Amino acid sequence: MSDLTLTPAPALGGYRERFEGVQLEELPNLAIVSIATPRGGEAEFAAAIEKAFGVAAPKPGHSSLSKDGRTRLVGMAPDQTFAVFTHDGPDARQVIDGALDGAGYTTDQTDVWVSLRIDGPRAHTALERICPIDLHPDAFPEGRAARTVMEHLGTIVLRDGADSFLLLSAHSSAESFLHAVETSIRNVT
Amino acid sequence: MTDKPINAPTATLREAHGGGSATYVEQPNRLAGGLVDHGRALNFDFDGRVLQGHPGDTLASALLANGVRLVGRSFKYHRPRGIFTAGSEEPNALVELRRGAHQEPNTRATTVELFDGLEAGSQNYRGSLGFDLLAANDLFSSFLSAGFYYKTFMWPQAFWEKVYEPLIRNSAGLGRLSGEPDPDSYDKGFLHCDVLVIGAGPAGLSAALAAGRAGARVILADEDFRPGGRLNAETLEVDGMSGADWAERAVAELAAMDNVRLMTRTTVHGVFDHGIFGALERCTDHLPTSGGKPRQVLWRLYTKRAVLCAGATERPIAFGDNDRPGVMLAGAVRAYANRWAVTPGQRVAVFTNNDDGWRTAADLSARGVEVTAVVDPRNTQPRAEIPGAAIRMGDAVAGTRGRKGLKQIELASGGTIPADCLAVSGGWNPNVHLTCHQRGRPEWREDIAAFVPGKDLPVGLTVAGAANGSLSLAAALLDGETRAREAVESLGFKPAKHTPAKAEDEAVELTPFWHVKKGRARAWVDHQNDVTVKDVKLAHQEGFRAVEHLKRYTTLGMATDQGKTANVLGLAIMAECTGKSIPETGTTIFRPPYSPVPIGAFAGRSRGKDFRPFRLTPSHHWAEEQGAVFVETGAWLRAQWFPRPGETHWRQSVDREVEMTRGSVGICDVTTLGKVDIQGRDAAEFLNKVYINGFAKLAVGKTRYGLMLREDGMAMDDGTTARLGETHYVMTTTTANAGGVFRHLEFCRQCLWPDLDVHLISTTDGWAQYAVAGPNSRNLLRKIVDPEFDISNEAFPFMACAEITVCGGTPARLFRISFSGELAYEIAVPARYGDSMIRALMAAGEEFDVVPYGTEALGVMRIEKGHAAGNELTGQISAQNLGMGRMVSKKKDCIGNKLSERPEMNREDGLRMVGFRPVDRSRSLTAGAHFIPRGAVASMETDEGWMTSVAYSPELGHSIGLGFIKRGSERMGDIVRAVDLVGDSDIEVEIVSPHFVDPEGERLRV
């Protein structure tokens, strides 16, 4: 064994920038774990989620915040839920495994994505330039989530506040994605 | 009226507004009132002459205010042309705007908003605008009639390319491009609404108010910079106030509503499927500079309902020399006077076949402009008393006089009347364009002699106001309100109670009158493309009678204005020729865009390096530091090789990387390979069904190569799948097929075998994965892998896999797999550690002289080892072709199994993948060469196969290749020719095993 150690590096180096009416930041400590519902194990899965998080598993396109407010569960597909929570370290999957006790198949998705939060009164206006889906609060209220494509890049968008959106896109194209979002902001501010 | 030579500059623009002491330039045609700010002067430059206008002016209104009538030359005959309309339908007044790289040709002066410092120039002349050398074309007009291209340049044939084409190209076109890259930026965007209202005239404002008050989400888009449409151009009253005041009040109410988005300077240019509309917003065109913001935004509007309130376009009447500067549409003349406080002439005559045209005479007269005549071909009572004007009922204008601008009109009854402006109205054509973008056909309405929208409208779209043939103001207001109410009610909104806007129902009666037959001079139909009545008649005479033929033969309606003022007139004349009715004659197809959209706007941000996103590997920035040369593989940028000082040719770098890897150890970033996390009780069965070979018995901690077929039996992709746990597998795919394979697997899971408990999720980006290859790979990894994990050959043999930790506890995955044929591993860490990991691996490997290698060395080693890759897996290759026919397990079913049994795919003389080496070892092989028997002529009949991949093998010291050849596996040692007719080479090659290096696979297992 050598004395070599590995240090984690955020995809965008911990990017954080303020614009007029918009703030954009990378969330390097946002852990994402996908949970698949075993076929035939739906009831056990629902009970385990309820027990672990104090809320029901959300339907696709919706999300719910755990009772302790620390984990957001996002419905991605009929048999797929993302658990999104702040966590430092590469063992996010174990955290969820421990909470669910085998009621779902988990996969660590933290490093698959780059996470950006865009918030502020002009956030929606900026997103109009790249987001094809309707983010009007009536159509996309707080807690709603959707998969879409922004500037050719697959993106998950989640409204986590009145003027705040969480954007997840592929880790490998993080720099292109940031450029797309930044350009949208600069074009409207 | 002045007709000063406009090429004589009075002062430069810089002088005029540079010092802030702008000299006042007289505007001879400026009236009082209107919707311009008389208190502020804006300096602008037209053809080097500095002029002044006011905020609220368009370039056209400002030019008219200054008495400039000659603004351009026509397309074909280079006839002098002036401003013809007051809107986006303008065929004549095309100018070049701005200077340098910002120069934009073919801009309609009627839509250009005036700003201080605007620079514009006329276009399409040789010499000067006033004395255009190409005006000689006009003298030869009898040779340049419709279809002259098709007739004139036929002989001699040899002249076409060298003489005729350059000549035509040189004369054709209107404005000039700057020839420089466009320095402006453009953007796109997406908007959503319940109701889109297109056009903010009386119908549109009324519709938007009704929909907005009901609480619906409304977008109101208008191409003008001032909403109101004809309300701003008329003297008619709404609710007891001027139309313009009412419009202003309506706009203020709409602006105060949160649920209404008012978009001015925005043209809805097309209707697409499912209620989607395209719109172009001109964000900074009205400003001196864009200030770094996008100049224009191309919007995609998602709507539930849309109300088209696009108004109507006035049409001219054709008569001799009706294209002379000063001849204008009557509604435009009135608009200039009422909205822009400009009279286009000092002595105005009116020629109209309808009541609306009379309002031009009345309005101008009321503003103190001298109206010299009103000529109306109808044999009825005059519609108004116009003081001082000669009223000629039952007469027509047969010709005009004046060289570069109108001086007199000639009457059909004989005699002339002085006029420097002739306001012409032949009636109004509803703007049906958008209703026809999905192949709807407009219908003819006899009472207004015009086409109105048909019944077959795009889904969700209704039409209101003048666009629907409701030509009076009262009708338009009511129509807009009604259509909007219907739209919001159908969406479940409750229309608010309010008093509808009231206006007088002004007279709009008309008797169709298309062209004046008297007179010998040419009468223009399409001003922009120089199509005359005679051309239409010629088309008829020569058999081009269908409207689509008429259009192509004469170019009627094919210019940048798409014939907005010309088309109906043209087909009315054709109808006259054929003796058919106008509705029988029909219209040409309307297609988007409604008015020109710059290509730059369609491109949006997708320019240069922003054309598409890039995917970067976790070691990318490290590789950049090493001076790597990158290659695009799909969206990925991968290191192709890592040149070292002194290496001048890529082969030197690649050969070294191969030799050092095979000699000791090399590292390659293989993160780009697709990774699919597969979990579930039935995951093994699932893999058994998607791969041709068996996976049911793969033990935990083992990896297996797998080949998957498409349903048609052809090879789709290959890779390895590792079993990490009882119900947990990780599949790798090729880089190129990662997305496609994942989609295929999801299809299998969701549609073919929904009962299986199997779950998929991509983890491609989640893991930084490095191939560590070469005899010292284990020694290197021992310095990285934490000591509690035994990676000795016995504990971790070939094809083993494990979840481990590295560098003191960082989670990792280790696979003992080899693409290079060496003792090799692939090691993966969460992507966030990828950069740190490559540095750690290189540091650990220093004592072994470790080398990073790129995709080229990777390719050389896989060819040396005989592994198929993208060059071989073309989609037309079967497992049998790859020599893997026996891998298709017949003990189980799998995708592609049945169809791979087709006789054609199992021919005894089928293609087999084998290796090739040149008989003369000094020769280089080329991929794409075809295999031909010795002594045979290279032809399709003698073709036996082709070379797919070639490389120089540093290990063997000569060129090697992989390829497909008939019966290949039975022909070891045979000599054939590799013939490359494109590269002009013909080399004798020997058929050999594809496994050039270590055919027994001993190196893998040590």
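The residues neighbouring B:Phe798, those whose beta-carbon lies less than 11 Å from its own, together hold a net charge of +3 under the Lys/Arg +1, Asp/Glu -1 convention.
The chymotrypsin sites (Phe, Trp or Tyr not before Pro) found in the stretch B:483-545 include none that occupy coil by DSSP while having at most 11 further C-beta atoms within 10 Å. The residues of the stretch B:13-152 have, on average, 36 Å² of accessible surface per residue, using a 1.4 Å probe with all protein chains present.
Applying 1/(1 + (r/R0)^6) with r as the Cβ-Cβ distance of B:Leu491 and B:His102 and R0 = 45 angstrom yields a FRET efficiency of 0.55. Mean silhouette area of the stretch B:707-807, derived from the convex hull of its C-alpha atoms and averaged over all directions, reads 8.5 nm². Restricting attention to the stretch B:13-152, close to 85% of DSSP beta bridges with both partner residues there are antiparallel. Bridge orientation summary for chain B: considering DSSP beta bridges with both residues in this region, about 75 percent are antiparallel. Counting, for every residue in A:36-42, the Cβ atoms of other protein chains within 10 Å of its Cβ and taking the mean gives 4. 3J(HN,Hα) along the stretch B:209-225: 4, 5, 5, x, 5, 6, x, 6, 7, 10, 10, 10, 10, 9, 6, 7, 8 Hz, from the Karplus curve 6.51 cos²θ - 1.76 cosθ + 1.60 with θ = phi - 60°, whole Hz, x for Gly and Pro. Using the Cα gyration tensor of chain A, with a ≥ b ≥ c the square roots of its eigenvalues, what is the shape: rounded (a/c below 1.5), prolate (a/b larger than b/c) or oblate (neither)? Note, shape of chain A comes out oblate.
Shielding by partners for B:803-809, please: the mean number of other protein chain Cβ atoms within 10 Å of each residue's Cβ.
The mean count of partner-chain Cβ atoms within 10 Å per residue comes to 3.
Three principal axis extents describe the C-alpha atoms of the stretch B:324-402; from largest down they are 34, 27, 20 Å.
Over the protein assembly as shown, dividing the summed -39,500 (n - 2.57) contributions of all DSSP H runs of at least 4 residues by the number of residues returns a 222 nm mean residue ellipticity of -5500 deg cm²/dmol. Classify the stretch B:516-559: rounded, prolate or oblate, from the alpha-carbon gyration tensor (a ≥ b ≥ c, eigenvalue square roots; a/c under 1.5 rounded; otherwise prolate if a/b is larger than b/c)? The shape class here is oblate.
Highest first, please rank the peptides B:778-784, B:424-430 by the mean number of other Cβ atoms sitting within 10 Å of their residues. The partial results should precede the final answer.
Numbers: B:778-784: 20.9, B:424-430: 26.4.
Packing order, densest peptide first, comes out as B:424-430, B:778-784.
A protection proxy built from the mean count of other Cβ atoms within 10 Å ranks the segments A:83-96, B:993-1006, most packed first, as A:83-96, B:993-1006. Each DSSP beta bridge with both residues in the protein assembly as shown is either parallel or antiparallel, and the antiparallel ones are about 80%. Taking 7 Å steps out from each Cα toward its Cβ at B:Thr578 and B:Arg1005 produces label points 8.3 nm apart.
Using the Cβ-Cβ distance between B:Asp920 and B:Lys162 with R0 set to 35 Å, the FRET efficiency from 1/(1 + (r/R0)^6) comes to roughly 0.15.
Amide H to amide H, with H built 1.01 Å from N, B:Asn322 comes under 5 Å of B:Trp524, counting only residues 5 or more places away or on other chains.
One compactness figure for the stretch B:530-649 is 2.10, namely its Cα radius of gyration divided by 2.2 N^0.38 Å. The relative contact order of chain B, computed from alpha carbon pairs under 8 Å that lie at least 6 residues apart in sequence, is 9 percent.
For the protein assembly as shown, the Kirkwood radius over C-alpha pairs fed into Stokes-Einstein at 10 °C and 1.306 mPa s yields D = 45 µm² per second. In sequence order, the stretch B:503-512 has phi-based couplings of 8, 6, 9, 6, 6, 9, 4, 8, 10, x Hz under the Karplus curve 6.51 cos²θ - 1.76 cosθ + 1.60, θ = phi - 60°, and Gly or Pro positions carry x. Classify the stretch A:30-110 as rounded, prolate or oblate, taking a ≥ b ≥ c as the square roots of the eigenvalues of its Cα gyration tensor: rounded when a/c is under 1.5, otherwise prolate if a/b is larger than b/c and oblate if not. Rounded, because the longest to shortest axis ratio a/c is under 1.5.
The stretch B:708-758 and the stretch B:473-543 have Cα centres separated by 60 Å. Near the amide H of B:Trp767, within less than 5 Å, lie the amide hydrogens of B:Ala831, all on another chain or at least 5 residues away, with H placed in the peptide plane.
Normalised by the number of residues in the stretch B:316-426, what is the relative contact order in percent for Cα pairs under 8 Å and 6+ residues apart?
35 percent
Here the 3J(HN,Hα) profile of the stretch B:748-761, calculated from phi with Karplus coefficients 6.51, -1.76 and 1.60 at θ = phi - 60°, is 4, 5, 7, 9, 7, 10, x, 7, 6, 8, 9, 9, 10, 8 Hz, Gly and Pro shown as x. Compactness ratio for the stretch B:13-152: Cα radius of gyration over 2.2 N^0.38 Å (N = residue count) comes to 1.17. Sorting the segments B:78-85, B:738-745 by their residues' average number of neighbouring beta-carbon atoms within 10 angstrom, most packed first, yields B:78-85, B:738-745.
May I ask you to compute the full-extension gain from B:Lys518 to B:Arg249, defined as 0.36 nm times their residue separation minus their alpha-carbon distance, rounded to one decimal in nm?
Going from the current span to full extension adds 92.0 nm.
Axis angle, to the nearest 10 degrees, between helix B:834-845 and the longest C-alpha principal axis of chain B: 30 degrees. Place a point 7 Å from the Cα of A:Ala47 along the Cα-to-Cβ direction; which residues of the stretch A:79-106 have their backbone N under 17 Å from it? Counting backbone N atoms under 17 Å from the label point, the list is A:99-105.
Could you report the stretch B:908-1006's accessible area per residue, 1.4 Å probe, as an integer in Å²?
Here the per-residue accessible area is 49 Å².
For the peptide B:599-609, the mean number of other protein chain Cβ atoms found within 10 angstrom of a residue's Cβ is 1.
I need the calculated FRET efficiency for the pair B:His649 and B:His274, taking r as the beta carbon distance and R₀ as 60 Å, to the nearest 0.05.
Efficiency computed from Cβ-Cβ geometry: 0.60.
The mean of 1/r over all pairs of different alpha-carbon atoms in the stretch B:749-903, once inverted, gives a Kirkwood hydrodynamic radius of 18.3 Å. Given their separation in residues at 0.36 nm each and the Cα-Cα distance between them, B:Leu899 and B:Glu180 gain 253.2 nm when the chain is fully extended. Ordered from largest to smallest accessible area (heavy atoms of protein chains, 1.4 Å probe), the residues B:Arg934, A:Arg72 come out as B:Arg934, A:Arg72. Scanning residues 5 or more positions from B:Arg392 or on other chains, those with amide H under 5 Å from its amide H are B:Val374, B:Val375, B:Asp376, with H placed 1.01 Å from N in the peptide plane.
Buried between B and A is an accessible area of approximately 4500 Å², summed over both sides with a 1.4 Å probe.
The values are calculated or read from the model by the stated rules, or taken from the named source; none is laboratory data. Model, not experiment: these values are computed from the prediction. Positions of Cβ are generated from backbone atoms using ideal geometry, with glycine treated the same way; all protein chains shown enter the neighbour counts. Quick note on the areas: whole protein, heavy atoms, side chains included, nothing else; ligands and nucleic acids left out. Shrake-Rupley method; radii C 1.70, N 1.55, O 1.52, S 1.80 Å.
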